[in-house]
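The values are calculated or read from the model by the stated rules, or taken from the named source; none is laboratory data. Fair warning: this is a prediction, and the values are worked out from it, not measured in the lab. Virtual Cβ from ideal backbone geometry, glycine too; neighbours counted across all protein chains shown. Surface areas here come from the heavy atoms of the whole protein model, side chains and all, with no ligands, DNA or RNA. Shrake-Rupley method; radii C 1.70, N 1.55, O 1.52, S 1.80 Å.
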Amino acid sequence: MSTDDRDGMVRIRDAAIELFGEKGVAGTSLKSIAARAEVSQGLVIHHFGSKAGLHRACDEHVARLIRGNKETVLASGPQMNPLAALQMMQESRPLLRYLVRTLSEGGEQVGRLVDDMVADAEVYMAASEQAGLLKPSSVPRERAVVLVVWSLGALVLHEQLHRLLGVDFLAPGTDPEDLAPYFRPVMELYTQGLVTEGAYSEMAGLFEPPTDTTATDGAPAADHRETS
């Protein structure tokens, strides 16, 4: 692929991310994307085949950027600056708007995007465990799923966070410190936990699989303890 072709694809993809975030996928035409990218509509079709193909390419690009941001911060080690990831997010407002729109519109495309993000989260969380940044988990995949869904849910409900905490993820020019009303309690939950040890032990017992106390024929299981 020539440099011009690659540059054209990047311009089209970036224009699509901006417009999908502003108007949604359904409300954005290939003609408007071509105009924003300053290319012909035919070139959009040539590179991506259809709007669905372009949407998928946008999803893959956003997932790669999120993965790269996480890896960069985690590579900083235990003394990493906790505001570094927020600063990266601050510089990615179009990506956040795109995610909000995509997640809100739903559809099969969202499932693929979330699957990609969960798979990435499993990898970098495992690496973080090895680096001593995260505690090990007995349910690593489930933990990754929950954290991804929590994070995306907060993004989709960004208007409510703005109303309740004064935090606006999508506002231009927001300093990382302005997001502290959200991230302080998040970091408190991550580092200190929520319930006490005794309460946790009692609650955890509710989710343990039941012990099979009967034999396969329905009779009580035999007691194999020695008798005197």
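The residues of region 111-157 expose, per residue, 58 Å² of accessible area to a 1.4 Å probe.
Other residues with beta-carbon under 15 Å from the beta-carbon of residue 137 carry, at +1 per Lys or Arg and -1 per Asp or Glu, a net charge of 0. The listed residues 43, 19 rank as 43, 19 when sorted by accessible area, largest first, using a 1.4 Å probe.
The packing ranking of peptides 113-125, 187-199, highest mean first, is 113-125, 187-199, where packing means the average number of other beta carbon atoms within 10 angstrom of each residue. The calculated FRET efficiency for the pair residue 196 and residue 141, based on their C-beta separation and a Förster distance of 30 Å, comes to about 0.65.
Of the peptides 48-55, 95-102, 9-16, 140-147, the order by per-residue mean of other Cβ atoms within 10 Å, starting with the highest, comes out as 95-102, 9-16, 48-55, 140-147. Here the label points at residue 6 and residue 168, each 7 Å from Cα along the C-beta direction, are separated by 3.8 nm in the simple model. With contacts taken as Cα pairs under 8 Å and at least 6 residues apart, region 121-193 reaches a relative contact order of 17 percent.
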